[in-house]
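The values are calculated or read from the model by the stated rules, or taken from the named source; none is laboratory data. Note that this is a predicted model, so its numbers are computed, not measured. Positions of Cβ are generated from backbone atoms using ideal geometry, with glycine treated the same way; all protein chains shown enter the neighbour counts. Accessible surface is based on the protein model in full, side chains and every heavy atom, while ligands, DNA and RNA are left aside. Shrake-Rupley method; radii C 1.70, N 1.55, O 1.52, S 1.80 Å.
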Amino acid sequence: MAPLPISEAVIRERATGESYRRGQEYERAGAVLEVVRQGNAVVAEVLGSAPEPYQVTVSFDAAGITGTECTCPVEWGWCKHVVATLLVCLHEPDVVEEREPIAATIDRLDLDQLRAVLVSLAGRDATIARLIEGEIGRAQSDPRVPARAEEPKPTRPIPVDAKALRRQVRGALHGLDRMRSSEAYWHVGSVVGEVRGILEQAWAFIRAGDGATALTMLEAITDEYVQEWTTLDDSDGMAGEFFAEIGEAWTEALLAADLSADERAVWVDRLGGWADEVADYGIDDAFATAMDAAEIGWDDDDLEAVLHGESAEEGVWHGWGEEVNGGLTIARLNVLERQGRRDEYLLLARAAGLGSYVAAALVRLERCQEAADYGLTHFADAGQALTLAQQLRDRQELELAIAVGEHGLALAGPKGPLALWLRELAAGLGRRDLALAAAETAFDEERSLTSYLRVQELSGDEWPERRERILERLRRARPFSRLGPVEIFLHEGLIDDAIAVVDDSNDYHAIEPVVVAAIATRADWAIRASKAQAEPLMDRGQAQSYHHAVRWLGHARDAYLAANRRDEWQEYVGALMERHARKYKLVPMLKGLGR
């Protein structure tokens, strides 16, 4: 079995330090149970704090890991269960059981057998049933799957209890009435969040294509919110900013609904009335795009020409994509996508000059080479290149993905996320030179110890020369965060360089590891730096900060003692106790240090 395309350096980078440490413990403790590899996925069970083992899934392609999932509650980064699974795969490949891909198993079934399996699974669990229905819906809307002619089914409007929605909104907005004003202010965000949850009910119908039902719901929600939102203390602007979200929902609902010109005119008047009411409070243009959607809808000669392919010029609506009425264009694209009108989506995106949308549409239409060529000739931003490259990789177009990613390194904008992504893709495909170039770009933007170590790992025998160049660049740089350079210099044992990084800084997170490292050989500096942190904390007289001051004084004590200057230390502590004699919480702490 071919080894998984992953290294310890990648695992360290994608996990937090704590997750990596706990993952190592889980690996050593044998917490990783059955590990199975099926095609491009590894599935494992990992014992944890829950009664049942956590289920870990790792997806990969020829270039490396493409995704991870775990049933534990960790939501960011690779959790300890994922780390443990990958470490087992890396260190004990013989325990990984290889099974044939599920696609191969399915291929051996005839249609009746496959149907029986799906029906059985759907009958066991309602969640599985919904997942199957969702996949069937996506397959039916896929342009690669021939459409099956069916008789149109009549639709029945879903009744909406508008009064209940109004009560929900009123209940959310008035939930703070019994609080003191000072308490209510801090809860405004949660109130808006509650109303957002009610708005999400309308979004569910919009996404399902039922704009008419959504409009009924939005009318109730908006009317109540416009009448009652001023009861909130909107000092931070959260309640007012929420009108933009309401307006966005209106725009897409109006475009999704099949309305006559007269029906649209009614909504124009209704939206205009709400807009006038909130304008008195400085809420401008909250409903402007929605009013355009109601007034124009899809009845625009230029729009019809574009959607019929009669105006294919790139960017013919120059500016509409981002500034002038860009929200209406994006909303139209969203509706076209939901309706499966992908060719029209592509035509509109081209006309609006929305390059990222054009490329994404081409990928969805399986025109991947065309999408890559488009990105190579039209993109000006590294972020656009990353998005397209990821989409191409998802379609297993690895060479196209790497070409777009490499091109993105020369484009404008922040390159860190692209460089990190391209580094691993190139390394996995054996493109060492490109991986190194991406690794150095990632390091120059990030300047972290993990990115530094990844450059070292990729450099091989070239590392000594490359190391000197990187360290020299690091010495000249003045990054926003000092911690990364500090960790790198300390890793290399370059105490003086680390001191130079923090000497003019107040970032105690970066200063403290330098102080600790400098105690043995740069005691004078460690003493000065520790005192500079501790003394202001004591002088301010804030008891809750005394333990921080004492921690810094502990470093100063260690430096005094390392330099065989115990008498000076005791004299200094004595002066501190005399100076702060009235601070009854601090004095015992200082006495403890002086012993």
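Out of [x] 4, 18, 29, 27, 15, 5, 2, 1, 0; [y] 3, 12, 16, 17, 16, 14, 11, 7, 3, 1, 0; [z] 3, 11, 16, 20, 22, 16, 8, 3, 1, 0, which label holds the value of P(r) over Cα pairs in 10 Å bins from 0, in percent that was computed here?
Read-out taken from this structure: [z].
So how far apart, in nm, are the two label points at K531 and K591 if each is 7 Å from Cα heading toward Cβ?
Distance between the two pseudo-spin positions: 2.5 nm.
Roughly what angle does helix 17-28 make with the longest principal axis of the chain, taking Cα atoms, 0 to 90 degrees, to the nearest 10?
The angle comes out near 90 degrees.
Over the range 385-446, how many percent of alpha carbon pairs lie in each 5 Å bin up to the one with the longest distance?
4, 23, 34, 25, 11, 2, 0
For the chain, what is the mean residue ellipticity at 222 nm derived from helices alone (per DSSP H run of n ≥ 4: -39500 (n - 2.57); sum divided by total residues; nearest 500 deg cm²/dmol)?
That calculation yields -20000 deg cm²/dmol at 222 nm.
If one takes the longest principal axis of the Cα atoms in the chain, at what angle in degrees, from 0 to 90 and to the nearest 10, does the Cα axis of helix 80-91 lie?
Helix 80-91 sits at roughly 80 degrees to that axis.
Could you estimate the translational diffusion coefficient of the range 333-411 from the Stokes-Einstein equation, with Rh from the Kirkwood formula over C-alpha pairs, at 20 °C and 1.002 mPa s, in whole µm²/s?
Rounded, D is 175 µm²/s.
What is the percent carbon and sulfur in the accessible area of the chain, measuring with a 1.4 Å probe over the protein chains and ignoring ligands?
So the carbon and sulfur contribution to the accessible surface is 50 percent.
V502: net charge of surrounding residues, Cβ under 13 Å, Lys/Arg +1, Asp/Glu -1, itself excluded?
In short, -3.
Give me log10 I(q)/I(0) at q = 0.09 Å⁻¹ for the range 344-458, Debye formula, one equal scatterer per alpha-carbon, no solvent.
-0.24
Under the Karplus relation 6.51 cos²θ - 1.76 cosθ + 1.60, θ = phi - 60°, what is the ordered set of whole-Hz ³J(HN,Hα) values for the range 334-346, x standing for Gly and Pro?
Karplus values, whole Hz, x for Gly and Pro: 4, 5, 4, 5, 5, 7, x, 8, 6, 5, 5, 4, 4.
Tell me which chymotrypsin sites (Phe, Trp or Tyr not before Pro) from the range 1-86 have a DSSP coil assignment and no more than 15 other beta carbons within 10 Å of their own.
Qualifying residues, ordered by number: W76.
What net charge is computed for the residues neighbouring L425, neighbours being all others with C-beta under 11 Å from the C-beta of L425, Lys and Arg scored +1, Asp and Glu -1?
Details: positive: R393, R423, R431; negative: D61, E399, E406, E424.
For residues surrounding L425, the net value is -1.
Suppose a student asked you for the relative contact order of the chain, using Cα pairs under 8 Å spaced at least 6 residues apart; what percent would you report? Intermediate values should be presented prior to the final figure.
Working: 733 pairs, mean separation 41.5, N = 595.
Averaging sequence separation for qualifying contacts and normalising by length gives 7 percent for the chain.
Can you list the aspartates and glutamates whose alpha carbon sits under 18 Å from that of K163, skipping same-chain ones fewer than 8 residues off?
Those aspartates and glutamates meeting the cut-off are E194, E200, E219, D223, E224, E228.
What translational diffusion coefficient, to the nearest whole µm²/s, does the range 186-287 have by Stokes-Einstein, given a Kirkwood radius computed over alpha-carbon pairs, a temperature of 37 °C and 0.692 mPa s viscosity? Display every interim value, and only then the final one.
On the way: Rh = 14.0 Å.
It diffuses with D of about 235 µm²/s by this estimate.
Give me the lysines in straight-line cross-link reach of K583: C-alpha distance below 23 Å, same-chain residues under 8 apart excluded.
Output for K583: K531, K591.
With contacts defined as alpha carbon pairs under 8 Å and 6 or more residues apart, what's the relative contact order of the range 161-306 in percent?
On the way: 153 pairs, mean separation 36.3, N = 146.
Worked out over the range 161-306, it gives 25 percent.
Considering only DSSP beta bridges with both partners in the chain, what is the antiparallel share in %, to the nearest 5? Walk me through the intermediate numbers first.
Working: 17 of 21 bridges.
Counting only bridges with both partners in the chain, antiparallel ones make up about 80 percent.
Taking a label point 7 Å from the Cα of H491 along the Cα→Cβ vector, which residues of the range 460-475 have an amide N closer than 16 Å to it?
Under 16 Å, as judged by backbone N against the label point of H491, lie 460, 463-475 of the range 460-475.
So for the pair Q369, W463, with labels modelled 7 Å out along Cα→Cβ, what separation do we get in nm?
4.2
Which whole-Hz couplings ³J(HN,Hα) result when phi for each residue of the range 243-255 is put into the Karplus expression 6.51 cos²θ - 1.76 cosθ + 1.60, θ = phi - 60°, listed in order with x for Gly and Pro?
Coupling constants for the range 243-255: 4, 5, 5, 5, x, 4, 5, 4, 4, 6, 5, 5, 6 Hz.
Which one, S481, L409, S505, is farthest towards the positive end of the dipole of the chain when Lys and Arg carry +1 and Asp and Glu -1 on their Cβ?
S505
Protein chains only, probe 1.4 Å: how do V117, V573 rank by accessible area, largest first?
Putting V117, V573 in descending order of accessible area: V117, V573.
Starting from the 7 Å offset along Cα-to-Cβ, what nm value, one decimal, do you get for the label separation of T71 and R167?
Label at T71, label at R167, 3.8 nm between them.
Report, in degrees rounded to the nearest 10, the 0 to 90 angle that the Cα long axis of helix 398-408 makes with the longest principal axis of the chain.
70
May I ask for the Kirkwood hydrodynamic radius of the range 219-258, worked out over all distinct Cα pairs and given in angstroms to one decimal?
With all distinct Cα pairs of the range 219-258 included, I get 11.2 Å.
Could you pull the Rg and Dmax for the range 10-132, using just the Cα atoms, both in Å?
Just the Cα atoms of the range 10-132 yield Rg and Dmax of 16.3, 50 Å.
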